[in-house]
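Comments concern the structure below.
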């Protein structure tokens, strides 16, 4: 069957083919014609790619062709597995704590074009933010379907880690799921508040640092390093995600400024800044985000020298790093490390 979409269309990675096939099987949908029409193809390494416009059309048609009790985005999320990078699933399963597991969110953003997952912690609490980049000509409901798909995936892996323990207090959505709202609430195990400025999953902070039963810290740490070094930047991926990838692969870049990053990416610094602005990003914010995530990871490892970590993250001295870390977490690095390494009962009490 010839594809409706030409090679001139935006071709993106499609790492969740198996999830789509499994979801279609559950609701007795013949998804093959939709995916073939969307230009599904495999490269020489076996990785799947698809037209972005075709993928959106396939999602819309799949929703329309299935009964409401089989909401297709929910089924895709429930069926998702890291088939293309199995080490990520092992990384999650061996996480010492939920906070450690959440470090994998940026890998999801690298694997999936137009999807960004990250955490925010502040006075209002702890939240996972789900962003789906929409284009002006996308169908109005398309972004909402992909948000629900990602939320279902988060719910699946949360249950894998936490069992039936109540984790989420509420979910904020920009869109209204309409008639499937109750179905979504049942799947996510929490109430949904619609019409919010962004999509957010609010998590009970007291559970973030509780020791998980499947914890294997040594293997978990090894897998993090392996995945960071081998996971490629997807072609066509947002510029911000590419910069995050380079920062995590070579933390020394975080102290060298935008000029060095621009040279690495073969862009003029002003071009890099302009393209980031188009994505709603700022270079300094990306730098701060990566510094924070890497600092937390290293400190939780336990055996890290604060001076060496300050240098690795590109700070001029230890005092500059300490001031920044206090702004991020409210704790000095040494105090944060002590709290992170405390027994689970002490962490909960804190």
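Screening 152, 182 for residues that are part of a helix (DSSP H, G or I) and without any contact (Cβ under 8 Å) to a residue 40 or more places away in the chain leaves exactly one candidate, 182. Of all residues in region 58-71, those that are assigned to a helix (DSSP H, G or I) and free of Cβ contacts under 8 Å to residues at least 60 places away in the same chain total 6.
Identify all residues within region 280-308 that are touching a helix residue (DSSP H, G or I) at 6+ places or on another chain (Cβ under 6 Å), in a helix (DSSP H, G or I) and more than 18 Å from residue 99 (Cβ to Cβ); write none if there are none. Result: 283, 286, 287, 306, 307. Of the residues making up region 16-53, those that are more than 23 Å from the chain's Cα centre (by Cα) and not in a loop (DSSP other than H, G, I, E, B) number 11. Each residue in region 185-228 was checked for being in a helix (DSSP H, G or I) and under 22 Å from the mean Cα position of the chain (by Cα), and 17 of them qualify. For region 120-136, the count of residues that are modelled with pLDDT of 90 or more and assigned to a helix (DSSP H, G or I) is zero. The single condition from (1) crowded, with 17+ Cβ neighbours inside 10 Å; (2) touching a residue at least 24 places away in the same chain (Cβ under 8 Å) that residue 192 fails is (2). With respect to residue 266, is the statement that it is outside the structural domain of residue 100 (by TED's automatic domain parsing), part of a loop (DSSP other than H, G, I, E, B) and either modelled with pLDDT under 90 or crowded, with 18+ Cβ neighbours inside 10 Å (or both) true? Yes.
The values are calculated or read from the model by the stated rules, or taken from the named source; none is laboratory data. Computed from a predicted model, the values in this text were never measured in an experiment. Cβ coordinates were reconstructed from backbone atoms using ideal geometry, including for glycine residues, and neighbour counts include every protein chain displayed.
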